[in-house]
Each structure stands twice: as structure tokens, then as C-alpha cells.
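Just below is one structure, and these are the notes that go with it.
The values are calculated or read from the model by the stated rules, or taken from the named source; none is laboratory data. These numbers come from a predicted model, not from an experiment. Positions of Cβ are generated from backbone atoms using ideal geometry, with glycine treated the same way; all protein chains shown enter the neighbour counts.
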Amino acid sequence: MNFKHRLHTYINKVKAHPFMEKINSQPFIEKLKSLWKAGKIQQSTRISYNVVWNVILFFIVIGLIGVFFAGGLGAGYFASLVKDEPVRSYEVMKQDIYNYEETSKLYFAGDTYFGDVRSDLYREETTLENISPQLIDAVIATEDEYFNEHHGVVPKAILRAVLQEVTNANTKTGGSTLTQQLIKNQILTDEVSFERKAKEILLALRLERFFNKEEILEAYLNIVPYGRDASGNNIAGIQTAAQGIFGVDAKNVSLPQAAYLAGLPQSPSAYTPFTNNGDMKEGESLERGINRMKSVLHRMYEAEYITKEEYDEAVAYDITKDFTNKSKSPIEQYPYLTFELERRATDILTQQLAKEDGYSKEDLNKDDDLLAEYNQLAKRNLRMQGYHIHTTINKDIYDTMQKTAQAYENYGPTRTVRKENPETGEVEETKERVQTGGILIENSSGKIISFVGGRGYDENNNINYISETVTRSNGSTIKPILDYAPAMEEGVIQPGSVLADYKKQLPGWDYGKPGNYGGGYHGIVSARKALVNSYNVPAAEIYSKIINQDPAAKYLEKMGITTLTKADHVNPSLSIGTMEARIEENVNAFATFGNNGKFEDAYMIEKITTNDGDIVYEHEPNPVNVFSPQTTYLTIDMMRDVISNGTAGYLTSQLKYQRVDWAGKTGTSQDYHDAWFVATNPNVTFGTWIGYDTPYPINNTSMSYSNRNIKLWAELINSASDVDPELVAPGANFQRPEGIVQRSYCSISGMLPSELCEKAGLVKTDLFNSKYVPTEKDDSLVSGSTVMVNGKAITAGPNTPSEFTTGDGLAFNPEFLKRNGYDKLNDITQLYPRTEREKWEKISAPNMDSNNVLEDDGKAPQAPTNVKKSGNKLTWQKSGSDDVVGYRIYRSNGPGDNFTRVGNTTSTEFEIGDGDARYHVKAVDYFGVESSASKEIIIGDTGEKEPETPDKQEKSNEKKDDQQKENNDESKNNEETENKQEEDNSSNDSSEDTGQ
């Protein structure tokens, strides 16, 4: 259709208008009509009409030329703007469009969602099928009314935007379609320039060639920002917005909610209803978003997406009542758990990304820069890839443990600490509470069921005490895992093995070190008793016997202990817990006993998957054999006694579930800085620690530090058992494996009982690994008694008069004492245990000083002197001889009567009564030889004295001397024969040993 024809058509329309009919009816108009019909007007205007038409035609031609010129110029300019933009394939554009940040999600065990990984922007992906149709209509009506018709751009909208830009108009309506906005967010930037806009147009056109409208709309709805949610987090994506603002899924929003959400992307920070801390806005700030919602509803009505009735109802609706209540973010609700999971997930992804590029864990540990590079990549992926992190944490047990830990009242006092502020360098006073950490692990799998990270996470105290950054001295909890179980595995000890706890020299220690907590020593005790009561000296002695085999590497490292230093491997003090250990690793090592001697490394992340369910990482079990079933059971049985009658005896009164088969160990670090308790049952292992963040003694209340920790342990395990008794409080006991036997042993030597040990009442019974039961009979005792010589007790000889000996006919065998180094003791009673001491005191002890061994000089001892009566007692001065063991008292009634022995004593006095009589006293030496009689003493009237003649007295003495010499010679001959026999026996024994 040409221009003239269009013009005539327009004129005819004008003529037909009613207004023109009214004008035509006027007289003036009638006159003009007559002139027109006469042809006078046409004639006068024909020339003007031609001139005007030619002028119009000229300008039209010039205009078209200008348009083509401008178009060519614009096209050239456009081409220059996009010349560096690569031609993107479908695959590249698909990767770019769907490469939007999606927040990784965290799940309790059983796929119970509880929050997201920390991020600057929270987003959850969804599909178009899961978005309300009304919400889709609202978005299209608001953001791109021609979305379903255009091919990526709307030309008139672009021209309008260009004119507004050129003319610098105050109001700019914008010209971006949803397709262009998607390009801007996912491929380009927010830069305001013609170049970016030109590339946006080009890419939008190309995108529409590759993707259908549904794909483009779905991608747009997943990437667009929506302000903040009720936790104050920045959010993006329609599903995240629906949940974060209204608490509903995107598919279930109402019309007003849909309109509110659709209006947010224009200015998310202005229209969002929440502040950055999750509080709801007020007044004008809140009204902005509501007014924007009403504008969206009006556009939906104009576009005929909703009816007038729906519009009116939605506009009048009070949207504020739909806003979800302020909620805690996962960091606020589960701070310890959230941060710990992020750390562990980052470590897993770091190693996985490095492995994909050919690097091992060892490579990362050796190269800090390489580790930092992959760690950064892992953090980025965790923040952007929308992983689903599935954990082993039992939500109900975890929740109840947190409440129990917070409510516990017996941690101990808060103390004031002076610390240097790292930022200012000034010394400041701060308050420190007694802190705690605890962890519950499933034995068979290594799953971390729950943990307590501390007494509350805040800005002033944000330490998770079960994390890998916190180590504390593990005290005596190391004894079962480093001393007793390894020594039993090596066949060095068994529960019934005896150990001497007294002040001694141990390899690698100063004399008298280590000491026992509480001071004092406990004599000869069994290995079981030493562990049950946590004696240090026996533990250190046991370790000294196996330290050359490096049990730290052979056992501790196999049980997951990673904090050992090079010095720890050779340091004897490691045996009593001087190393620094992590709570998780220390408890995890004890789980080895609960898992029949197999170690399973504890873990908290079960698997990591993509949003589509593809597995990125999944934990794989890797059991490590550490102890035999026999060693494991024996250690458990000993640790049962720790609870029943040892250092953890307080626990039984605190347990709600009394029938559970628990076996455990307490621990205290140097200067009482730390208290531990770790215990295992057939299903789980649980351990707790308490102490100040800055190490300081915790033995500062009326309730002992150990009992405070044990009570906390019990309350936590009681609460967990209430939640899942089948897991935490099983009814089954540890099963005794084959190869465990019960045997009796002598508690003096640990050897098989002898008749003499049975006579002493010192036979005990215990469990043994059948491979290591005692095979030799006890030789610690010999028949005999002791006698006092010069104030020292020595074993009575064969001729020592029995009336001067003490004991029950039993004595320690000198050879046994020498073999065990006990002969160096100045006081044999150091070997006596505190229990059943009365039985040990009945055993005679030989003189341990080799310098005072008695030798027979063949002479009778000197007679006592200065015999006199004192009251009703006879007294005298002791004999001058060094081998006297006692005195015999003789009595005669008168002159000429024979003297008869009336008593004996080891002292220098004897009670005689008031009767008339004559007395003399004779000294008796170790070899049974009497001295001559002392001077007589006459008591009362016994008649005239008839002294014995010197000749008779001398002969009598000579006769006695000859007889005694003969006896001594015979004794010497017997002794030489016995010694020869022992030498022959010893030679035979030596030959047998060599033959083996």
C-alpha cells in the first residue's frame, strides 16, 4: 500500500466522523462546498498541492536514506561492540547458564535437613514443575510481558531504552527481557555500557535458538536474587525465596505471595521484608515491598492473568501475616556442628580434587601452597555446587546432649585470666569458665553419633573442643591403650602379673620418678589392681619393658592418634599421659576395645552428593587389626573393675541404666589441669573432658574434679540412652572369646601357687590368655622364721633357738628377693600391699644388708652383766657379743639346788615375782650357743651360799665349749654339702636353658 492510498483512506475516515458531519452542516461550510463544486478552489490549490506533495516526498526519501544510513551505522557500531565475543556452542552456553551458585545443604543421619553451609548467598535449585503457575504469570507480567512471543529481545523496548539513554531521560523503563537478564547474570556482568548491552542482545538471540522458553524461564527463576530471608541471609532463587520469606514451597504460594515474590527482583534490598539480622522491617521500609506487590497485581490484571475479583481480593490482603517468623540460621542453631561439618567437608573435597589431578594426601601435606590451592577450590565448590552433605549425627541424641551440657551445674568455678589482646597488644582481664568436650562413637563403624563441642558458642568463646585444633594432655587414659593392652599383646604381662610399687629407679627416669597421684606407694600389686587404681609406677615399669618396640607407632598410631611427636616415641613419660591428644582421637582409640580389637576411624560425613543424587564422596570402612580378641577382652575386663571398684567407682551411683556392660578409664593431667573419663560398651564408646581453656588446676571445689567429670559423663549418657536405649544402652555384654582361661597364682610372685603361698593365704585367681598362663611354681617363700640381731630381722638359721624367732614358719626366699631386685631394699615392708597387710607381716624377712651376714666365730657369747632386781622384774645389761638373739633365765631355790630354766626373752628384762630364789641369766647367740652364767642374784632368804669350786666350774665350761665346737663343725659340714648340691642343681638348670 502506497503513501497516497493510505492518506486517502485516512481522509475518508476523518470525513465520516460525526464531528465532521456537524461542521459540514454550518452555512460557511455550505459556501465552501459550492465553491468546491464549481472548481475554483481546486484550481487555486492544485499548484500548492503539488508543491507540498513534492516537498513531503523529498523529506520522506531523505528520512529513509537517513534511517538506512543510521541503521548501517548502528549495525557497524554494534558489530564493533561484539567483535571480541566468541561464538558460543550449545554445550558452552548450557554450562554457563546452569552454572549458578547453589548452597550446599546439611543433613542429620536419616536425611533430616537442618541447614545450609555458610555462604554469602543462599540458593536452592528447583524445577518449573515445582513452581506455582500464578507465580510464573506474575513474573512474566512484571518482568517481560512479551516473553512468550519475542526471540530474546524486543526491538521497540531496545529503541526506547536507547532514546532514554541518549536523551538522558529522568525515567528509564529498561529494555531487558528475561532472556537478557539471564545472560547478564550468568555470562556477562552488571557493567553499564553499550558494549555489554550489545553482547547481551547478541547472546540473548543465540540463547533463544538453543533453549526453549521453559528452560530459559526455569534458569531465570533459579538465579534471580530476592533480598533477605527471616534469618537475615542473602537469598536467590524462587524456591529459597518462598521458603525464606513465607515458609512455603514455591509450588504452594498464594496469589498475593506470588505477586510479592515477583516484585522483589527489581530492587531486592528495598523490597525485602527483613533486615540483615532477620527482623521484620517497619513503617515505610515495609510498605515499599507491599506497594510493589500491588503494582505486580495490577500488571497481572491488565495482562488478563487474573480477574478483577481476584485482583481486588489480593490487593486487600494483609501480606504481613504470611511473613515467616524470625528464625535462627543453622550457624546460630547448630554452630559447633555447622562449622565442624564445613571443615570436614572441605578436607574431603580438597583431597578429592587433588586426587583427580594426580596428587596424593602426602603431596598436599608436603606442599603448603599446593594444599592452600586445593583447599580454596574445595571451599568454592562447597559454596557453589549445591552439594548435599549427609552426616552420621543423630539429631535427637545431639539435641538432648546440648541441652544436658548447658544445664549441667557442676563444672566448677569461673576464673579471671589476664591475656594479651593480639590486636592491641594490651593485657586484658577475661573470664574463663571450665569448658568441656565429649564425643559418642559407634564401635563397629566409627560413626560419630553425637558430640558436645563446649558450653556455648559465641563471639567470646568460639572454640569447638572436639575439633582437630584443640589438644590436651590425656593423662592416665593412655595407660590401657599404650601400656597394659600392648604389653599383654606382647606377652609381657597378664592381669595377674605382679608389679612392685615402691620408690625405685626406672629406665629413663630420675630416681623415685614418677610418683603416684596422692603420694605414697602400694607395694606388690597385680597388673589389674594397678590399672584399676591408676598407679603410675607400675604403668611406667610396664612401658619400660616394651618401649624398645616403639608401641607408640605399633599401637597408638594404628588407633588413629596423629598428635605424636618424634620425641614421644622414645619418651618414657608417655606411659603416664604426657602427650597432647585430641578428644576425638583419644575416645576413638578406646572404641578399638569395643570393636573386638579392630580400629575404625571415626567419621562424621557419610556421603556427599550432587543435587541430582550423584555421589561425589562416600565413606568406606577400613578396619585395622590392633589387638587380638584375647588382649581386647582382658583389657575390657580390667577396665570393668575401674568402674566397679576403682577410680571411676562414683559412676555406678550416677547411671540410670545400671545393667549396661561399661568398661572405662579415668585420666588426670599434670597439676590437675584436665580430667577425662572414657568408657566403652558393646555398641558405643563415649568420652568427656573438662578443663579451663588456659590450663589451670581444676581441683578447686568440694566435689572432686574427677567426680565432676564423671557426673557430667553420666548425665550425658543417660540422656542419650533415653533417646535410643537399643544403641547406647545395650543389654548384651562383651563376649569372652576362646583362649581366655581362669587360673590361680601367688600374689607375691605371679607364679603358680606353691604350698607355702597357700599356707600364707596369698593365692589369687584371675583371667589369662591361655598362651601366657604361668608355668613355673612360686618360689618366693621358704619355711622358716626371722630373728632379731642387733635390732635387725634376719632369717633364722637351722640352729637358731625357735623360742627367739618370729613369724608363722614362713620366710621370703632370699634368692627370689635377689632375682627381683628386692634385696636392695633397706625395708622389706615396702613390698607389703595396703590390703591384706596382716598376712604379709606374718612372713619372716631376711636381713637385706649383705654387710651384716652372720658368720659363726666358734665362740660362746659374752654373758650379760649387771643383773639386778627392779621391782618384780629382773634386769641386766645386754651381752657384748654381736650375734646374740636372746636370753635364757635360770632359777634355783637354794644352795646346792640345780638351776632350771624358767623363761626366755629377747629383751633385757624378765618378770620374776616376789618369791625367794636365786637367778642367773645366759645370753644365746644366733647359732644356739649359750654364754656362761651371769653373776647370781639372790632374792630373799635362800640359805648359805655354796659357791662352785673353780676347778669344777672350769671343767664344766670346757666340756660345754668342746660340745659346742663339735656341733659347729657338724653344722659347717652340712652347710658345705647343701651348697655343693645347689651348685650342681644350678649347673643342670643352666644346661637345660641353653638347650632350649
Note to self: I'm trying to understand the selection: among the residues of region 720-742, which are farther than 27 Å from Y772 by Cβ and surrounded by 13 or more Cβ atoms within 10 Å (Cβ to Cβ)?
What the structure shows: A720, S721, D722, V723, D724, P725, L727, V728, A729, P730
Next item on the list: Please work out if F246 is modelled with pLDDT of 85 or more and of a type in the set (F, W, Y).
Entry: yes
Check: Got at least one residue in region 760-767 being in a strand (DSSP E or B) and acidic (D, E)?
Finding: yes
Margin query: Within region 318-356, take every residue that is among the hydrophobic types (A, V, I, L, M, F, W, C) and free of Cβ contacts under 8 Å to residues at least 40 places away in the same chain and give me the one that is surrounded by the fewest Cβ atoms within 10 Å (Cβ to Cβ).
Written below: L353
Notebook entry, point to check: Restricted to region 366-417, and to residues that are aliphatic (A, V, I, L, M) and surrounded by fewer than 17 Cβ atoms within 10 Å (Cβ to Cβ), which residue is nearest to T694 (Cα to Cα)?
Noted result: V417
Item checked: Odd one out for Y359 among (1) part of a loop (DSSP other than H, G, I, E, B); (2) exposed (fewer than 15 other Cβ atoms within 10 Å of the Cβ) -> (2)
Item checked: region 768-791, subset within 19 Å of E838 (Cα to Cα) and not in a loop (DSSP other than H, G, I, E, B), residue nearest to the chain's Cα centre (by Cα) -> L781
Notebook entry, point to check: Would you say A933 is outside the structural domain of A760 (by TED's automatic domain parsing), touching a His at 6+ places or on another chain (Cβ under 8 Å) and modelled with pLDDT of 90 or more?
Noted result: yes
Next item on the list: With the checklist (1) under 22 Å from the mean Cα position of the chain (by Cα); (2) surrounded by 23 or more Cβ atoms within 10 Å (Cβ to Cβ) in hand, flag the one item Q630 doesn't pass.
Entry: (1)
Notebook entry, point to check: in contact with a Lys or Arg (Cβ under 9 Å, 6 or more places away or on another chain) and in contact (Cβ under 8 Å) with a residue 60 or more places away in the chain - does that describe any residue in region 512-519?
Noted result: no
Note to self: I'm checking my understanding of the structure. Among residues of region 530-561 that are on the phi > 0 side of the Ramachandran plot and out of contact with any Asp or Glu (no Cβ under 9 Å at 6 or more places or on another chain), which one is surrounded by the fewest Cβ atoms within 10 Å (Cβ to Cβ)?
What the structure shows: D550
Item checked: R206 being at pLDDT below 85, buried (at least 17 other Cβ atoms within 10 Å of the Cβ), on the phi < 0 side of the Ramachandran plot and part of a loop (DSSP other than H, G, I, E, B) -> no
Check: Within region 789-811, restricting attention to residues that are of a type in the set (A, V, I, L, M, F, W, C) and at pLDDT below 90, which residue is nearest to G880 (Cα to Cα)?
Finding: V789
Check: What are the residues in region 287-339 that are hydrophobic (A, V, I, L, M, F, W, C) and part of a helix (DSSP H, G or I), if any?
Finding: I290, M293, V296, L297, M300, A314, V315, A316, I319, I331, L337, F339
Checklist line | The one condition in (1) touching a strand residue (DSSP E or B) at 6+ places or on another chain (Cβ under 7 Å); (2) farther than 23 Å from F108 by Cβ that I397 fails to fulfil | finding: (2)
Note to self: Cβ contacts < 6 Å: first residue free of Cβ contacts under 8 Å to residues at least 60 places away in the same chain, restricted to region 411-432; second residue aliphatic (A, V, I, L, M) and in a strand (DSSP E or B), any location; separation 6+ or different chain. Result?
What the structure shows: R418/V427; E420/V427; T430/V417
Note to self: Which residue is surrounded by the fewest Cβ atoms within 10 Å (Cβ to Cβ), if the candidates are limited to region 881-911 and must be part of a strand (DSSP E or B) and either touching a helix residue (DSSP H, G or I) at 6+ places or on another chain (Cβ under 8 Å) or in the same structural domain as E803 (by TED's automatic domain parsing) (or both)?
What the structure shows: N904
Check: Looking at A527, A487, A500, which one is aliphatic (A, V, I, L, M) and touching a Lys or Arg at 6+ places or on another chain (Cβ under 9 Å)?
Finding: A487
Next item on the list: Check P753, P725 and return the single one that is within 22 Å of F593 (Cβ to Cβ) and either modelled with pLDDT of 95 or more or of a type in the set (F, W, Y) (or both).
Entry: P725
Item checked: Filtered residues of region 787-834 (kept if under 19 Å from E758 (Cα atoms) and polar (S, T, N, Q)) -> N813
Item checked: All positions within region 857-880 that are over 26 Å from D941 (Cα atoms) and surrounded by fewer than 19 Cβ atoms within 10 Å (Cβ to Cβ) -> D857, G858, K859, Q862, K878, G880
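Residue by residue, here is whether (1) in a loop (DSSP other than H, G, I, E, B); (2) at pLDDT 70 or above holds:
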{"position": "P86", "(1), (2)": "yes, no"}
{"position": "E91", "(1), (2)": "no, yes"}
{"position": "K94", "(1), (2)": "no, no"}
{"position": "N99", "(1), (2)": "yes, no"}
{"position": "Y107", "(1), (2)": "no, yes"}
{"position": "G110", "(1), (2)": "yes, yes"}
{"position": "G115", "(1), (2)": "no, yes"}
{"position": "R118", "(1), (2)": "yes, yes"}
{"position": "E125", "(1), (2)": "yes, yes"}
Notebook entry, point to check: Among the residues of region 293-308, is there at least one that is small (G, A, S) and farther than 23 Å from P265 by Cβ?
Noted result: no
